[in-house]
Each structure stands twice: as C-alpha cells, then as structure tokens.
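These notes concern the structure reproduced below.
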Amino acid sequence: MKLFRREIIKLAGAALLSGTALTSAALAADMPAPFDNPGEVQIALVRYLSTGDFFQASLAGVEAQAAALGVDLRVFDSRQDAALQADMVDQAIALGVDGIIIQHGLTESMQEAAQRAIDAGIKVVAFDVNVENPAIPQIEQSDYLLGKLALEQAIADNGDTWAAGYVYVPGIAPLDRRDQAWQDVRAENPGIEEVAVFGTLDNPIANSVANQARSVLQANPNITVIFAPYDEFAKGVKIAVDEAGLSQDIDIYSADVSTADISAMREPDSAWAATVATNPAVVGEVSVRALAMLLAGEDPGASVIVPPTLITQAFLNDNDITNMETLSAKMPQFAHADVAVPDWMPLPARN
C-alpha cells in the first residue's frame, strides 16, 4: 500500500524523536530551505505571560514542534514586564535569530519592537497580541468564540436573567476579544446585570484575584454567575467562592483548561461549571508551524485561528476525565488542530 508523503514525513519525525536510525539529514532532505540544513535555523519565543498551567503546556507544544523541525529554540520570559519584553525582542534580534514568536504582551510596547525585528529581516508571528502589522500573522484561539461559547453555556444553565461578576484586565488582546463577546451577549440579554468588574495580572495571579473576589462577593451577595475568561482568574474566583461557602450558589464560567483545572472542576459541588478551550500545547505547535511557513517562503495567512471546544463539568464527570491526556482521548478535536500544516511539515510524535 502506498503511503502519502505526509505520512512518510510524520513517521520519520516520530522515528527521530524515538532515537531510531533515521538521521535528521534524511528528514531534512524532504523539507524546503532553510529547514534542509539541520540545526541551522534558530527561533526565539518571547513571552509576556508565563505563569500557570496553560503557559507551561503551550511552551511544551512550542518545544515539541521546534524539535520536530530540528530548529534551535531560545525562550525569553519577561514575566509581565512590558518594557523587558520589548528589550527581549531586541536581544533576539541581536542574537541573529531567523524567526520570533511574540506571545502575549501589550500593543503599545510590542508594536515598535516587532517592527524592529521585521526591519532586521526576521520573520515574526504574534500569538494573542495585536502588533498592528500586516506583515505579522496573528495566531489566536478565536478568543471571541471562547467567550461566546462560555456565555451561551451560562445562559443555558442559568437562564437569561442573573447578576454577574466579571473578571477582566483591559489591554491584553485575548482578554479584549473575550470582553467583546461579554459586551455583545449582555446587549442581547438585558436581563444579565453586571454588578462587579474586577481583575489583576499580579503574580501569583490566582491568589491575587482571590483576594479581590473575597471583597466582591461580600459586597454583592446577589451574584450568581461569574464570568472569568482565563483559567487563572477562575482558580482565584473558586478559592474565594469555596471560602465563602457559596459553591452551590454561584456558577463560574471560564476559558482555557489544564489538568489542574479539570481536577478543580470535578471537585464535589465545584462552582466551576464550564470552560471553553483549545489545547495549549496545540496552540504552541501551531505558532511554530506558522513561523516555519514564513521562513520557508509560504503564507500561513494573516489570521491563524485554532478552533476552541466547550468543556462542561458534566462532560468531565460523565466520561471520568482526569487529565489533559484523557480529555484529548475523549475529544479528538481537542488533541490536534489541522491548522498551518503544509505537506512537508513534520509533526511531533503522538502518543
């Protein structure tokens, strides 16, 4: 039986990672320049946010796809320091990297830094940060849909009339896109009352949000739904809800997912009712693949979107899902996104 070229490449990539006799040179021979010279391509990941399970898993995806391509990966973490993130882009430029992935950040600090990279002849993609540059593809999780699906589930569970707490920090591209979903859903459902808005990205994020949520819940005992469209936000809200003994009176709706989130959602009487997510490892892989396409002279498109999936507490319980691996097994659409995958592209080995 004749195998398609894609399958041959995928098998070769898996063999490489498992230490078989196939050499990186043999795999590279099937790839376009500059990937036909193993070890010659260097890319940088410059991160604004790195705290939390989502970002650990995303980094693992970046590392896995970079390894499959045989590229040298450098990782820079600014830990929510916008000026430092811009400096780190300049550091990557000085290193002479071939490509840069900018992950999160602020438009005002990243726009000029990204342009400096372009001016230096470096290919750039941006994940969840709008650098307002048509030469730079935007990688995103369809953040608007993430928010919309979570809120549609909140309405399905609670009707269209309730008092809501909302966790939001403006100026972060994915949160701003999720905020647009919140504004649209409220406009379509005037019975939803926004009684409190709070939020912070101070580390540790979950504990900082928990401190805010304690005061919010005390001041607004009529809240029955909290929209916390980032899992670190949801963790913090859940801490406060549990401490107040309100886990059966309040429902939490979020975005993003991790093994720790699954455990929290499945606790007895957990207030965390649903989340909407893409697999963060898959998002990391897609970011590298889009950058690799640029380096190979191909166009991944101005907007590279990874589709999200609704994950309810009931689904997790009904299917006895305990971690990301079993979630991927029960939700194949969560395990892989057929996005930015040209025929020549080797993929990470799958379990």
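Miscellaneous remarks
- Rg over Rh for the stretch 69-110 works out to 0.97, using Cα positions for both radii and the Kirkwood form for Rh.
- Rg over Rh for the stretch 259-313 works out to 1.21, both radii taken from alpha-carbon positions and Rh defined as the Kirkwood radius.
- Taking the charge dipole of the stretch 178-330 about its Cα centre, with +1 at Lys and Arg Cβ atoms and -1 at Asp and Glu Cβ atoms, the residue from I192, P221, A210 reaching farthest to the positive side is A210.
- C-alpha long axis of helix 280-295 to longest principal axis of the chain, angle in °: 40 degrees
- Full-extension gain in nm, N37 to E325, via 0.36 nm per residue minus C-alpha separation: 100.3 nm
- Residue-span extension gain [E132 to T259] - 0.36 nm each, minus C-alpha spacing: 42.3 nm
- Once the Cα atoms are used to define both axes, helix 231-243 deviates from the longest principal axis of the chain by about 30 degrees.
- ³J(HN,Hα) computed for each position of the stretch 35-46 - Karplus, 6.51 cos²θ - 1.76 cosθ + 1.60, integer Hz, glycine/proline x: 7, 7, 10, x, x, 8, 8, 10, 10, 10, 10, 10
- Between 0 and 90 degrees, the angle of helix 143-158 with respect to the longest Cα principal axis of the chain falls at about 30 degrees.
- Using the Karplus relation 6.51 cos²θ - 1.76 cosθ + 1.60 with θ = phi - 60°, the per-residue 3J(HN,Hα) values for the stretch 133-139 come to 9, x, 7, 10, x, 9, 9 Hz, with x marking Gly and Pro.
- Computed across the stretch 124-176, the Kirkwood hydrodynamic radius from all distinct Cα-Cα pairs reaches 13.2 Å.
- Rounded if a/c under 1.5, otherwise prolate or oblate - the stretch 143-277, Cα gyration tensor axes: rounded
- Added length on full extension, which subtracts the Cα-Cα distance from 0.36 nm per residue, R266 to D90: 59.0 nm
- Within straight-line cross-link reach of K123, aspartates and glutamates at Cα separation under 17 Å, skipping those fewer than 8 residues along the same chain: E40, D72, D90, D98, E112, E132, E285, E298, D299
- Within the chain, antiparallel bridges make up roughly 10 percent of the DSSP beta bridges whose residues both belong there.
- Distance in nm between pseudo-label sites at S215 and A244 (7 Å out along the Cβ direction from Cα): 1.4 nm
- Each part reduced to its alpha carbon centroid, the stretch 49-125 and the stretch 311-339 end up 29 Å apart.
- Dipole moment magnitude, nearest 20 debye, the stretch 143-277 about Cα centre, only Lys, Arg, Asp, Glu C-beta charged: 160 debye
- Legend: ranking of residues K330, K123, K238, K148 from fewest to most surrounding C-beta atoms inside 10 Å; resulting order K330, K148, K123, K238.
Just so you know, all these numbers are worked out from the coordinates, no wet-lab data involved. Being a predicted model, the structure only gives us computed values, none of them experimental. We place every Cβ from the backbone using ideal geometry, glycine too, and count neighbours over all the protein chains shown.
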